[in-house]
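*Asks:* Have a look at this one.
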Amino acid sequence: QTKVVFCESPASLSFEIMDIPMICNIAHEAGAKVIIDNTYGPMIYKPLALGCDVSVNAATKYIGGHSDLMLGLIACTEETYRTVKNSLVQL
């Protein structure tokens with residue numbers, strides 16, 4: 001019944017790296033999408049290339065770094081683009 005698997009890699013405080021390809025394979029076999037919080041890894045970690053469907057980034061923390069802006073980024077596959085776009089329009 002799972003529709004979405006949400007993970008964070010690298011992890012916020014411990015910077016642990018998850019086995020994203022394995023997580024994606026298991027989730028996709030079950031028909032679920034994988035969303036990843038990639039806030040701390042946007043320059044070194046490419047989650048869409050590893051199989052994730054959507055990648056979110058709290059750019060205020062890593063890219064801004066000075067608490068003087070609010071910024072969030074969403075990257076998604078071509079397959080998930082329309083769903084993500086429609087969900088944002090509804091906000």
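The values are calculated or read from the model by the stated rules, or taken from the named source; none is laboratory data. Predicted, not measured: the structure shown is a model, and the values here were computed from it. So basically every Cβ, Gly included, is an ideal-geometry build from the backbone, and we count neighbours across all protein chains shown. SASA here: full protein model, heavy atoms, side chains in, ligands and nucleic acids out. Shrake-Rupley method; radii C 1.70, N 1.55, O 1.52, S 1.80 Å.
*Asks:* Count the lysine pairs in the chain that are 8 or more places apart or on different chains: how many have C-alpha atoms under 20 angstrom apart?
*Replies:* 5
*Asks:* Please give the helix 20-29 orientation as an angle from the longest Cα principal axis of the chain, in degrees from 0 to 90, rounded to the nearest 10.
*Replies:* Between helix and principal axis, roughly 40 degrees.
*Asks:* Want the number for Ser14 to Ala30: 0.36 nm per residue separation, take away the alpha-carbon distance, what's left?
*Replies:* 2.9 nm
*Asks:* Among DSSP beta bridges lying fully in the chain, give the percent that are antiparallel, nearest 5.
*Replies:* Given both bridge residues lie in the chain, the antiparallel proportion sits at roughly 35 percent.
*Asks:* Can you find, among Thr80, Asn25, Val56, the residue farthest towards the positive end of the dipole of the chain? Put +1 on the C-beta of Lys and Arg, -1 on that of Asp and Glu.
*Replies:* With unit charges placed on the Cβ atoms, the residue in question is Thr80.
*Asks:* Normalised by the number of residues in the chain, what is the relative contact order in percent for Cα pairs under 8 Å and 6+ residues apart?
*Replies:* 22 percent
*Asks:* Can you give the accessible area of Ser87, probe radius 1.4 Å, in Å² rounded to 10?
*Replies:* 60 Å²
*Asks:* Further question: How large is the dipole of the chain about the Cα centre if only Lys and Arg carry +1 and Asp and Glu carry -1, each at its Cβ, rounded to the nearest 20 debye?
*Replies:* 240 debye
*Asks:* When the accessible area of the chain is split by element with a 1.4 Å probe, what percent falls to carbon and sulfur?
*Replies:* 60 percent
*Asks:* Just need log10 I(q)/I(0) for the chain at q = 0.10 Å⁻¹, Debye formula, equal scatterers on the alpha-carbon atoms, no solvent, rounded to two decimals.
*Replies:* Per q value, in the given order, log10 I(q)/I(0) is -0.27.
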